[in-house]
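Readers should treat all values here as calculations from the given coordinates under stated rules, not as data from a laboratory. Note that the structure is predicted; figures quoted are calculated from it, not measured. Every residue, glycine among them, receives a Cβ derived from its backbone with ideal geometry; neighbour counts consider all protein chains shown.
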Amino acid sequence: MPQESSHRVVVIVDTGSNPFELGCATEVFGLHRPELGGHLYDFRLCAPDPRTPMRDGFFTLTGVADLAIADTADTLIVPNRPDVDTPRHPAVLDAVRRAHTRGARLVGFCSGAFTLAEAGVLDGRRATAHWQWADTFRSRFPAVRLEPDVLFVDDGDILTSAGSAAALDLGLHLVRRDHGAQIASAVSRRLVFAAHRDGGQRQFVERPVPRLRDESLAPLLAWAQRHLDTTLTVATLADRAAVSPATLHRRFQAQLGTTPLAWLTGERVTLACRLIELGETRFDVIARRTGLGTAANLRALMRRQTGLTPSAYRRRFGPAQVSPAPAR
């Protein structure tokens, strides 16, 4: 289990900020987690003013630190608000620029991309924002490479997410980057939230709500997760669900925003990461136990999904001082 972390996550709250995204940041980064050894992060809130009215004046935030603490952040989460036309607080933009200059990681949830762009740190960089503001964002910040259809964008030291719920996806992605798949899965279980939705997944725009209760994919997904080491195909899943492959595709798109094959691949890579974190060093064994087949396929898919090869992932997230087992 991880020790208490010294990595400081600071959230700047400004006038009109959304309470939901603030809650997401607090839930993912700020809570004490005794089952995981304590706090995963040193979490702080700050604001440019002593009293900060939140979105639509629902409540006023008081009693948090001033902006000086933003200069101590390893990860700085910038303000977001539904009013994207009013310029951000100049002191907030200065704090964002200073953080970027000294190499802190910057995070924008939802309309937080506007704050980052106003600060001038997104020029020439990839980013996303809620789909409803895509045209406005492009017209105001043409130098930013906006990707409006995805859940979140990880551009290294600057990360942005789309709509409100995507803040949880990006938050869990950061936990996964910092602490590995097993810890991220534990946090997601506490949240009762999907452990991993790939950042490239499309935003949910005008999706119909399924009408029939028995169309839920939950039982099928749970069954598939228990059988990842077997030969699972789209046809296998469709047969298990007693529907046609075409119907299964429609249900996956409607309920998860992805395809059955993409979901299976993501689950298998997640399991592979967990096995590496637990100390398994034989990549051929990992490939068999996750249903990925071969070590070559494991390497290719892990690199595509996580940005790391299995060896690089083991060096970063595996148990300390584990030597590779002899090849069989």
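Once you place label points 7 Å from the Cα toward the Cβ at Ala312 and Ala246, how far apart are they in nm?
4.2
Return the calculated 222 nm mean residue ellipticity for the chain, to the nearest 500 deg cm²/dmol, obtained by summing -39500 (n - 2.57) across DSSP H runs with n ≥ 4 and dividing by the residue count.
Taking each H run of at least 4 residues, the total per residue is -12000 deg cm²/dmol.
Using modelled backbone amide H atoms (1.01 Å from N, in-plane), which distant-in-sequence or interchain residues come within less than 5 Å of Leu106's amide H?
Hits under the 5 Å cutoff: Leu76, Ile158, Leu159.
How large is Rg/Rh for the chain, to two decimals, with Cα atoms and a Kirkwood Rh?
Over the Cα atoms of the chain, Rg/Rh equals 0.99.
If you keep only loop residues by DSSP, which chymotrypsin sites (Phe, Trp or Tyr not before Pro) in the stretch 127-196 have at most 15 other Cβ atoms within 10 Å of their Cβ?
Values: sites: Trp131, Trp133, Phe137, Phe152, Phe193; in loops: Phe193.
Taking the stretch 127-196 and a limit of 15 other Cβ atoms within 10 Å, no loop chymotrypsin sites (Phe, Trp or Tyr not before Pro) are found.
Over the Cα atoms of the stretch 1-60, how large are the radius of gyration and the largest Cα-Cα distance (Dmax), in Å?
Computed over the Cα atoms of the stretch 1-60, radius of gyration and Dmax are 13.5, 41 Å.
For the stretch 217-323, what mean projected area does the convex hull of the alpha carbons give, in nm²?
6.6
Within 10 Å of each candidate Cβ there may be at most 14 other Cβ atoms; applying that plus a DSSP loop requirement, which chymotrypsin sites (Phe, Trp or Tyr not before Pro) in the stretch 19-77 survive?
Sparse-neighbourhood loop chymotrypsin sites (Phe, Trp or Tyr not before Pro): Phe58, Phe59.
Could you work out the relative contact order of the stretch 217-323, using alpha carbon pairs under 8 angstrom and six or more residues apart, expressed as a whole percent? Intermediate results must be reported in sequence, preceding the final value.
Values: 96 pairs, mean separation 25.1, N = 107.
The value is 23 percent.
What is the chain's relative contact order, in percent, from Cα pairs under 8 angstrom and six or more apart in sequence?
Result for the chain is 11 percent.
Can you sort Ile69, Ile276, Ile77 so the residue with the fewest Cβ neighbours within 10 Å comes first?
Ordered from fewest to most neighbouring Cβ atoms within 10 Å, Ile69, Ile276, Ile77 come out as Ile69, Ile276, Ile77.
Residue by residue through the stretch 298-306, what is 3J(HN,Hα) from phi via Karplus (6.51 cos²θ - 1.76 cosθ + 1.60, θ = phi - 60°)? Round to whole Hz and write x for glycine and proline.
The phi angles translate into 4, 4, 5, 6, 5, 5, 5, 7, 10 Hz.
I'd like the Kirkwood hydrodynamic radius of the stretch 24-146, using the inverse of the mean 1/r over distinct C-alpha pairs, in Å.
15.6
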